[in-house]
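Please read the structure below before turning to the comments.
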Amino acid sequence: MSVVNYLAACGLALSAVAVQAQPLQLPQVEDAAQAALLQEANTQYQGYLAAPDNYFHAEAAGRWPCAVPAKLVQDLTGTSDYAGRQGGKAFGHKFSKVAVHPVVAECRGGKLDGVVELVYEATRQAWGPGFKARSQETGRVVATIKDGRVIHRTELRRSVNGGDVSVASSAETPAGAFITSATTLVAGGAQKFFLKRPVAGAGGPRQEKSYYEGTRLVTVEQADARGRPDGRNTSNKGGAEKSTCFWHGKEIACAG
């Protein structure tokens, strides 16, 4: 699941409330790879704060220098549609009117290769339990492509829904079915952070997701390669810690 899908799964629309220009108070993260990506996302966000009106402007925007598969464009821009269910309730999003403007791109052997920079615009419709939203998305992406795959990617996306604005800044390194990533979300004075990393599990590797409200850790969830809950999931909502344990999607008793 992509960062945007994860936000939707948490019931957090990117265009929730108005953005406040402010420095980020980053949570303390022990994992070195996640900490580096969090700093990278923060640096990108600070660059946006320094010149928000010009951040998405690109003088050299043009066309792709070779044919680019639609799936790769979606991977670069994060504009793939998504629909799912959680607790019997439907949620998801879809994009329309997607316009992609390459700024830096090179091809080798007829395929994109190396550093790619682009800006894009799109309309996003999202839905979930108790909400529907329609927002205008503008993003700037810098990515590295090797052998037809994105191996590193940063994105800053601004979402506008009427007078409500939010800004999400992310940095990620995909690796097969798993990903290491850090996303900052600033909306209406609130700062939220979403972190992902692969971790070892008794039944195989797992994808761990951590969610912070400011510097306070709220939830830690783990899932197997098929996206099923796996391992110990912990919630600190309401100030009380609660753990639920799973084995490849089946709830089990927690040990210890």
(message) Being among the β-branched types (Val, Ile, Thr), touching a helix residue (DSSP H, G or I) at 6+ places or on another chain (Cβ under 7 Å) and either modelled with pLDDT of 95 or more or more than 16 Å from ARG140 (Cα to Cα) (or both) is the requirement here; does VAL68 meet it?
(response) no
(request) Could you please find all residues in the range 124-136 being out of contact with any Leu (no Cβ under 8 Å at 6 or more places or on another chain) and not aliphatic (A, V, I, L, M)? (result) GLN125, TRP127, GLY128, PRO129, GLY130, PHE131, LYS132, ARG134, GLN136
(request) Filter the range 218-241 for residues that are out of contact with any Asp or Glu (no Cβ under 6 Å at 6 or more places or on another chain), closer than 30 Å to GLY189 by Cα and not small (Gly, Ala, Ser) and give the result. (result) VAL218, THR219, VAL220, GLU221, THR234, ASN236, LYS237, GLU241
(message) Going by what's in this entry, would GLU221 be described as under 24 Å from PHE131 (Cβ atoms), crowded, with 20+ Cβ neighbours inside 10 Å and of a type in the set (D, E, K, R)?
(response) yes
(request) State all residues of the range 40-72 that are free of Cβ contacts under 8 Å to residues at least 40 places away in the same chain, under 19 Å from the mean Cα position of the chain (by Cα) and more than 18 Å from VAL165 (Cα to Cα); if no residue qualifies, say none. (result) THR43, LYS71
(message) Could you go through the range 128-142 and let me know if any residue there is among the hydrophobic types (A, V, I, L, M, F, W, C), farther than 24 Å from GLY87 by Cβ and assigned to a strand (DSSP E or B).
(response) yes
(message) Just to be sure before I move on: is GLU221 farther than 30 Å from PRO52 by Cβ and at pLDDT 95 or above in the structure I sent?
(response) yes
(request) Confirm whether LEU7 is assigned to a helix (DSSP H, G or I), of a type in the set (A, V, I, L, M, F, W, C) and either surrounded by fewer than 11 Cβ atoms within 10 Å (Cβ to Cβ) or at pLDDT 80 or above (or both). (result) no
(request) Tally the residues that are without any contact (Cβ under 8 Å) to a residue 40 or more places away in the chain and assigned to a strand (DSSP E or B), restricting the search to the range 146-156. (result) 4
(request) Working carefully through the options THR215, THR244, find the one that is hydroxyl-bearing (Ser, Thr, Tyr) and farther than 21 Å from LEU185 by Cβ. (result) THR244
(request) Test ARG124 against the stated conditions and say whether it is buried (at least 18 other Cβ atoms within 10 Å of the Cβ) and either assigned to a strand (DSSP E or B) or touching a His at 6+ places or on another chain (Cβ under 8 Å) (or both). (result) yes
(message) What are the pairs with Cβ atoms under 6 angstrom where one residue, in the range 83-105, is over 16 Å from LEU118 (Cα atoms) and the other, located anywhere, is modelled with pLDDT under 95 and of a type in the set (A, V, I, L, M)? Sequence gap at least six, or different chains.
(response) PHE91/ALA8; GLY92/ALA83; HIS93/ALA8; HIS93/ALA126
(message) Among the numbered criteria (1) basic (Lys, Arg); (2) touching a residue at least 24 places away in the same chain (Cβ under 8 Å); (3) over 26 Å from PHE193 (Cβ atoms), which one does ARG108 miss?
(response) (2)
(message) Scan the range 146-167 and tell me whether some residue there is in contact with a Phe, Trp or Tyr (Cβ under 7 Å, 6 or more places away or on another chain) and loosely packed, with under 14 Cβ neighbours inside 10 Å.
(response) no
(request) Those residues that are of a type in the set (Val, Ile, Thr) and more than 16 Å from CYS245 (Cα to Cα), I need them from the range 201-234; list them, please. (result) THR215, VAL218
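The values are calculated or read from the model by the stated rules, or taken from the named source; none is laboratory data. Small disclaimer: the values here were computed from a predicted structure and weren't measured. We place every Cβ from the backbone using ideal geometry, glycine too, and count neighbours over all the protein chains shown.
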